[in-house]
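Enquirer: Sharing a structure below in structure tokens format, with a few things to ask.
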Amino acid sequence: MRSSFTVKSFNFLFFALLSMFIPFLPLYFSDQGLNETQIGTIIGIGGFITLIAQPLWGMISDRMRTIRKVLLFLVICSTATGYLLYSSNSYALIMLFVMLTYFFLMPVDPLIESLNFRVAESEGISYGSLRTFGALGYAVMSLAAGFLMTEYGSRSLGYTFAALGVISLIVTFLMPDAPVSGKPVTIQSLKNFLSNKETLLFLVLVFISSIPARMNDTYLGLYIKDLGGKPDLLGLAWFLAAGSEILVFSLSFWWLRKNKELAIIAFAGAFYFIRFFISAWIKDPNWLAYIQLLQLFTFPVFYTAAIQYLYSIVPVEWRATGQTVLALLFFGVSGIIASFAGGALYQAFGGHVMYLSISVMSLIGALFGVLLYRMYGRKKAGEAS
């Protein structure tokens with residue numbers, strides 16, 4: 001009971017920290033006078049750092065057979081760099097602390113997701129019952145960060161980031177470690193996993209579907225600003241998006257069906273298409289914030305189903321690394337492409353064309369998900385019955 005409580009608390013705190021970093025960083029850079037291409041370049045470089053950091057810390061966790069100890073180190077470092085990021089006046093120092101925050105903060109995500117899944121399995125509870133608190137933390141702090149940035153400037157985010165980081169550190173000390181597999185970690189088992197055709201096609205699906213999602217995450221704040229909105233409206237947008245996830249995660253035990261994951265992923269891809277296509281035509285920034293409620297049918301549905309599907313095909317001893325590969329595609333590789341391509345597209349043609357482009361890509365992802373379900377999902381469902 002105590003273990004699930006501390007894991008829920010850490011989910012709340014970590015995703016609260018994440019909400020002050022991902023959505024507001026482009027807006028922060030825009031306030032510093034950078035254009036869309038420059039912002040995309042900086043965030044793209046951060047994506048390259050994530051690309052290195054996430055598998056590095058995931059493999060360290062698997063090799064050491066511990067998640068909690070790795071989290072302790074990462075929380076200490078990211079708390080310091082996050083505070084310094086929003087407290088520095090020098091452009092060079094800001095760039096340095098942005099990159100360090102990417103290196104220490106972003107690897108926490110796949111590790112905590114792996115911890116969520118393992119604790120849920122060991123205690124006989126649903127993954128969503130733990131991840132719900134992450135969505136709650138993201139929602140609450142998005143709203144708070146938007147207000148703080150509007151009223152007091154970005155420096156206030158530094159103090160808030162540091163305070164939440166210290167509390168996160170205390171909770172991490174009290175948190176249980178993940179139950180470990182009795183199987184030894186071998187490079188051959190990882191090679192077998194990554195060379196499997198089903199695995200590779202699934203990872204391609206994640207890659208195709210995540211680029212549009214990452215472009216929206218990166219440039220939503222700039223689109224709202226261009227339409228006349230302020231940082232507090234961006235906070236409201238992410239509050240509605242993350243808040244809508246709470247219901248989905250909390251009820252995942254009810255809607256998430258084994259061997260139906262690929263069909264569910266295709267369903268989420270279809271709603272990504274609807275969400276981004278509508279966003280392309282909106283002229284009122286308030287309505288752009290309200291449309292984020294469609295997050296209800298997109299990210300939490302997609303990511304929860306993807307994690308369950310991944311865990312059904314990855315060797316048990318490589319679960320943390322497998323989770324890292326998933327996060328690497330969803331937040332790392334796709335984030336790099338989304339940042340560079342999205343920045344160039346946005347600056348050349350504006351938010352309207354960018355959102356039309358990512359709606360088309362989301363539709364392609366949805367159709368590919370249907371194809372994979374016909375290839376693998378229906379067969380597994382038939383075998384299970």
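The values are calculated or read from the model by the stated rules, or taken from the named source; none is laboratory data. Note that this is a predicted model, so its numbers are computed, not measured. Methodologically, a virtual Cβ is constructed for each residue, glycine included, from the backbone with ideal geometry; neighbour enumeration extends over all protein chains shown. When the accessible area is computed, the model is the full protein with side chains, heavy atoms only, and any ligands, DNA or RNA have been set aside. Shrake-Rupley method; radii C 1.70, N 1.55, O 1.52, S 1.80 Å.
Enquirer: Any idea how many residues of region 115-131 are crowded, with 23+ Cβ neighbours inside 10 Å and polar (S, T, N, Q)?
Expert: Selection size over region 115-131: 1.
Enquirer: Looking at this structure, is Ile60 within 27 Å of Tyr303 (Cα to Cα), β-branched (Val, Ile, Thr) and without any contact (Cβ under 8 Å) to a residue 12 or more places away in the chain?
Expert: On the way: within 27 Å of Tyr303 (Cα to Cα): yes; β-branched (Val, Ile, Thr): yes; without any contact (Cβ under 8 Å) to a residue 12 or more places away in the chain: yes.
The answer is yes for Ile60.
Enquirer: Moving on to the next point. Taking only pairs six or more apart or across chains, which ones have beta-carbon atoms under 6 Å, a first residue in region 163-174 that is farther than 14 Å from Cys77 by Cα and part of a helix (DSSP H, G or I), and a second residue that is open to solvent by less than 20 Å² (accessible area, probe 1.4 Å) and not hydrophobic (A, V, I, L, M, F, W, C)?
Expert: Between residues of region 163-174 that are farther than 14 Å from Cys77 by Cα and part of a helix (DSSP H, G or I) and residues that are open to solvent by less than 20 Å² (accessible area, probe 1.4 Å) and not hydrophobic (A, V, I, L, M, F, W, C), the close pairs are Val171/Thr6; Leu174/Thr6.
Enquirer: Shifting gears a bit: What is the one condition in (1) surrounded by fewer than 16 Cβ atoms within 10 Å (Cβ to Cβ); (2) under 17 Å from the mean Cα position of the chain (by Cα); (3) at pLDDT below 85 that Ile52 does not satisfy?
Expert: (3)
Enquirer: Tally time: how many residues in region 352-369 are touching a Leu at 6+ places or on another chain (Cβ under 8 Å) and surrounded by fewer than 22 Cβ atoms within 10 Å (Cβ to Cβ)?
Expert: Taking region 352-369 as the starting set, the residues that turn out to be touching a Leu at 6+ places or on another chain (Cβ under 8 Å) are 353-354, 357, 365, 368-369.
With surrounded by fewer than 22 Cβ atoms within 10 Å (Cβ to Cβ) added as a condition, the list becomes 353, 357, 368.
The total comes to 3.
Enquirer: Now a separate question. Would you confirm, using the coordinates I've provided, whether Tyr290 is over 14 Å from Ser210 (Cα atoms), of a type in the set (Ser, Thr, Tyr) and assigned to a helix (DSSP H, G or I)?
Expert: Working: over 14 Å from Ser210 (Cα atoms): yes; of a type in the set (Ser, Thr, Tyr): yes; assigned to a helix (DSSP H, G or I): yes.
For Tyr290, the condition - over 14 Å from Ser210 (Cα atoms), of a type in the set (Ser, Thr, Tyr) and assigned to a helix (DSSP H, G or I) - is met.
Enquirer: To continue, here is another question. Taking the conditions exactly as written (more than 26 Å from Leu201 (Cα to Cα) and modelled with pLDDT of 90 or more), does Phe267 satisfy them or not?
Expert: no
Enquirer: Here is a follow-up. It is to be established whether one or more residues within region 82-104 are of a type in the set (Gly, Ala, Ser), open to solvent by 30 Å² or more (accessible area, probe 1.4 Å), under 18 Å from Ala162 (Cα atoms) and more than 21 Å from the chain's Cα centre (by Cα). Talk me through it step by step, then tell me what you get.
Expert: Here is the first cut: in region 82-104, the residues of a type in the set (Gly, Ala, Ser) are 82, 87-88, 90, 92.
Retained after the next criterion (residues that are open to solvent by 30 Å² or more (accessible area, probe 1.4 Å)): 90, 92.
Narrowing the set further to residues that are under 18 Å from Ala162 (Cα atoms) leaves none.
The answer is no; no qualifying residue exists.
Enquirer: Additional query: Scanning region 132-159 for residues that are of a type in the set (S, T, N, Q) and under 19 Å from the mean Cα position of the chain (by Cα), which turns out surrounded by the most Cβ atoms within 10 Å (Cβ to Cβ)? Steps first, answer last, please.
Expert: Initial filter on region 132-159 (of a type in the set (S, T, N, Q)): 132, 142, 150, 154, 156.
From what is left, the residues that are under 19 Å from the mean Cα position of the chain (by Cα) are 132, 142.
On the way: Thr132: 23, Ser142: 28.
This residue is Ser142.
Enquirer: On to the next question. With respect to Gly322, is the statement that it is over 29 Å from Phe147 (Cα atoms) and either in contact with a strand residue (DSSP E or B) (Cβ under 9 Å, 6 or more places away or on another chain) or at pLDDT 95 or above (or both) true? It would help to see each step written out before you state the result.
Expert: Details: over 29 Å from Phe147 (Cα atoms): yes; either in contact with a strand residue (DSSP E or B) (Cβ under 9 Å, 6 or more places away or on another chain) or at pLDDT 95 or above (or both): no.
So Gly322 fails the test.
Enquirer: Run Leu296 past the list (1) surrounded by 23 or more Cβ atoms within 10 Å (Cβ to Cβ); (2) closer than 21 Å to Glu245 by Cα and report the number of the one that doesn't hold.
Expert: Among (1) surrounded by 23 or more Cβ atoms within 10 Å (Cβ to Cβ); (2) closer than 21 Å to Glu245 by Cα, the lone unmet condition for Leu296 is (1).
Enquirer: Can you find a residue in region 68-80 that is over 24 Å from Ser154 (Cβ atoms), aliphatic (A, V, I, L, M) and surrounded by fewer than 17 Cβ atoms within 10 Å (Cβ to Cβ)?
Expert: The answer is yes; a qualifying residue exists.
Enquirer: Now, a different point. Residue under question is Ile307, and the condition is that it be under 27 Å from Ile49 (Cβ atoms), open to solvent by 10 Å² or more (accessible area, probe 1.4 Å) and touching a residue at least 40 places away in the same chain (Cβ under 8 Å); does it hold? First the steps, then the outcome.
Expert: Numbers: under 27 Å from Ile49 (Cβ atoms): yes; open to solvent by 10 Å² or more (accessible area, probe 1.4 Å): no; touching a residue at least 40 places away in the same chain (Cβ under 8 Å): yes.
Answer is no for this residue.
Enquirer: Are any residues in region 271-287 surrounded by fewer than 23 Cβ atoms within 10 Å (Cβ to Cβ), assigned to a helix (DSSP H, G or I) and out of contact with any Asp or Glu (no Cβ under 9 Å at 6 or more places or on another chain), and if so, which ones? Can you show your working first?
Expert: Our first condition is that a residue be surrounded by fewer than 23 Cβ atoms within 10 Å (Cβ to Cβ); within region 271-287, this holds for 271, 273-274, 277-278, 280-287.
Restricting the remaining residues to those that are assigned to a helix (DSSP H, G or I) gives 271, 273-274, 277-278, 280-281, 285-287.
Scanning region 271-287 gives Phe271, Phe273, Ile274, Phe277, Ile278, Ala280, Trp281, Asn286, Trp287.
Enquirer: Tell me which residues, restricted to region 1-41, are among the aromatic types (Phe, Trp, Tyr), crowded, with 17+ Cβ neighbours inside 10 Å and over 18 Å from the mean Cα position of the chain (by Cα). Give the derivation first.
Expert: Taking region 1-41 first, the residues among the aromatic types (Phe, Trp, Tyr) are 5, 10, 12, 14-15, 21, 24, 28-29.
After this cut, where a residue has to be crowded, with 17+ Cβ neighbours inside 10 Å as well, the list is 10, 12, 14-15, 21, 24, 28-29.
The answer is Tyr28, Phe29.
Enquirer: Something else: Anything in region 191-213 that is open to solvent by 20 Å² or more (accessible area, probe 1.4 Å) and under 20 Å from Val360 (Cβ atoms)? List them, or say none.
Expert: Passing the criteria: Val204, Phe207, Ile208.
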